[in-house]
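Below: one structure, written as structure tokens.
Readers should treat all values here as calculations from the given coordinates under stated rules, not as data from a laboratory. Here the structure is a predicted model, which means the values were calculated and not measured. Ideal geometry is used to build each Cβ from the backbone, glycine not excepted, and the neighbour counts take in all protein chains shown.
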Amino acid sequence: MTFTITVTPSVRAFAAEPTETLLAAGIRQGIGLPYGCKDGACGSCKCKLVSGSVTHGPHQAKALSAEEEAAGYVLTCCGTAHSDVVIESRQVTEAGAFPIKKMPVRVNTMARASHDVIVLKLQLPAADTFQYHAGQYVEFLLRDGDRRSYSMANAPHTQASGPHIELHIRHMPGGKFTDHVFGAMKEKEILRIEGPYGSFFLREDSDKPIVLLASGTGFAPIKAILEHMAHQGITRPVALYWGGRRPADLYQSDWIAAQQATLPQLHYVPVVSDAQPEDAWSGRTGFVHQAVLQDIPDLSGHEVYACGAPIVVESARRDYVAAGLPEEAFYADAFTSAADKT
């Protein structure tokens, strides 16, 4: 038995088995539902249940509270259908239907960008084509069956110079994967990845000004989006707010400065939350998401793309909607760690 899942207002429909989540069924059939972590931790896939019966698997209260569930909201990443279902999701797009592939990759280069960030460049199989949207991510398939997700920091058009992806890896001490990256990993090592995943990519059917909000290595998919905008000749006004604890956390500020030659409409605002006297920091301080509101108190005419720590993404979503941003104009990818998901 299968159930029909209908998405409004697009009125697109797909079939779901009673043993698979709504999101897994949608991805399998090329339906671009919004999502982030796929583990019930970030809330990016939350949508309104219009009709039908959905049961949730394990998830975190910050992603879907008991009150939200009682009010008729569901998480498609951990919700399974028990009848035909109608959900409301305004981010369904025809794009996002690139095939999801598993493939081996070779570590090409490893470059230390800061004390706790490595820029990892991976060579993809030359005989295969890997398509993705700037802003999406891949998952490393670890030997024990675990997975780790990282956003691609290079735009798809860069594949023309050779099939590769760039990832920005922050060290999480004690982390199964990042301890290896910062310890025993060597160039030419072979890894396995699967992707592309995620609904975090630029909506090009809009002419609204763009706010890009990044914390830490949340800059990686933002970098890919900026590269894509320059390549496509997209001239929409764009303001990038990048936050870190210390100036060194803004590890590619020089790269951003260089992009302003090809993206003259790019306005860059670096923000540091914990500057020390030895940093000699004279720029903006405080919480990065609040810096946006200080500069743009009315966000009703903008689109926001936010990526990084869950607390930054959650705070931005709440405060920006209160500042007039339409909920459907907030696109996000919360970087939930393995610890966040437990």
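Kindly provide the Kirkwood hydrodynamic radius of region 214-309 in Å, to one decimal, from all pairs of distinct alpha carbon atoms.
On the way: mean 1/r = 0.0717 Å⁻¹.
The answer is 13.9 Å.
Between amide H atoms placed 1.01 Å from N, distances below 5 Å from Ala306 occur with Leu213, Tyr331, Ala332, Asp333, all of them 5 or more places distant or on a separate chain. With the cut-off at 18 Å, report for region 101-197 the share of all Cα pairs above it, as a whole percent. When all Cα pairs of region 101-197 are counted, 41 percent exceed 18 Å. Counting other Cβ atoms within 10 Å as a rough exposure proxy, the listed residues Thr217, Thr336, Thr8 run Thr8, Thr336, Thr217 from fewest neighbours to most. Normalised Debye scattering of region 1-88 at q = 0.11, 0.13, 0.19, 0.20 Å⁻¹ gives log10 I(q)/I(0) of -0.24, -0.34, -0.75, -0.84, counting only Cα atoms as equal scatterers and leaving out solvent. Mean separation of Cα pairs under 8 Å and 6 or more residues apart, divided by the residue count, gives region 101-197 a relative contact order of 40 percent. In this Cβ point-charge picture (+1 for Lys and Arg, -1 for Asp and Glu), region 210-337 has a dipole of about 100 debye about its Cα centre. Think of the chain as having a plus end and a minus end, set by charges on the Cβ of Lys, Arg, Asp and Glu; of Gly174, Leu240, Val86, Gly174 sits farthest toward the positive end of this dipole.
Pairs of Cα atoms nearer than 8 Å and 6+ residues apart set the relative contact order; for the chain it is 15 percent.
For region 43-115, the number of Lys pairs with C-alpha atoms closer than 30 Å, counting only pairs eight or more positions apart or on separate chains, is 4.
For Thr8, the residues whose amide H sits under 5 Å from its own are Ile87, Glu88, Ser89, ignoring neighbours fewer than 5 places away on the same chain, with H placed 1.01 Å from N. Arranged from fewest to most other beta-carbon atoms within 10 Å of their beta carbon, Ile118, Ile190, Ile87 become Ile190, Ile118, Ile87.
Result for the chain in a Gaussian network model with C-alpha springs under 10 Å: among His289, His56, His180, the largest mean-square fluctuation is at His180.
Using the alpha carbons alone, the radius of gyration of the chain stands to its Kirkwood radius in an Rg to Rh ratio of 0.95.
Dipole of the chain computed with +1 at Lys/Arg Cβ and -1 at Asp/Glu Cβ about the Cα centre; of His164, Ser253, Met152, farthest Cα towards the positive end is His164. Compactness of region 160-261 was expressed as the Cα radius of gyration divided by 2.2 N^0.38 Å, which yields 1.25.
About its Cα centre, the chain has a charge dipole of approximately 720 debye under the convention of +1 per Lys or Arg Cβ and -1 per Asp or Glu Cβ, with nothing else charged.
Phi angles of region 12-19 translate, via the Karplus equation with coefficients 6.51, -1.76, 1.60 and θ = phi - 60°, into HN-Hα couplings of 8, 9, 8, 9, 10, 6, x, 9 Hz per residue; Gly and Pro are given as x. Taking amide H atoms as placed 1.01 Å from N in the peptide plane, the amide H of His164 lies under 5 Å from those of Leu124, each 5 or more residues away in sequence or on another chain.
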